[in-house]
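Here's the structure we're looking at; comments come further down.
Please treat every number below as a calculation from the coordinates, not as lab data. Given the structure is predicted, the values throughout are model-derived calculations rather than measurements.
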Amino acid sequence: MDSNLLSEAINLTLFGMGFVFVFLALMVVLTSLMSASVLKLQPFLASTSVSPIQTDNLIDEDTKSIIEKAIKLHTGA
């Protein structure tokens with residue numbers, strides 16, 4: 001009876017590991033296909049077309065000095 005129980009345990013282990021392997025392999029293949037299809041459908045946008053955000057006019061001088069002091073305290077300079 002012990003050999004039957006052991007063979008069932010090995011069978012269940014191999015079946016479970018095989019199922020997980022097939023699932024993960026299928027997930028990798030499908031994710032790669034989806035990624036390739038998105039890259040083909042969506043054109044590449046150059047990063048030079050995006051203008052940088054100018055923060056000089058968004059914060060006042062008090063806030064800027066507080067941020068600079070906090071950075072100096074944090075870096076230990």
**Message:** Output wanted: per-residue J couplings in Hz (rounded whole) for the stretch 12-24, from phi through Karplus 6.51 cos²θ - 1.76 cosθ + 1.60, θ = phi - 60°, x for Gly and Pro.
**Reply:** 5, 5, 5, 5, x, 5, x, 5, 5, 4, 5, 4, 5
**Request:** Multiply the residue separation of Lys72 and Asp60 by 0.36 nm, subtract the distance between their alpha-carbon atoms, and state the gained length in nm to one decimal.
**Result:** 2.5 nm
**Request:** Sequence neighbours fewer than 8 away in the same chain don't count; with that in mind, list the aspartates and glutamates whose C-alpha is under 18 Å from Lys72.
**Result:** Glu61, Asp62
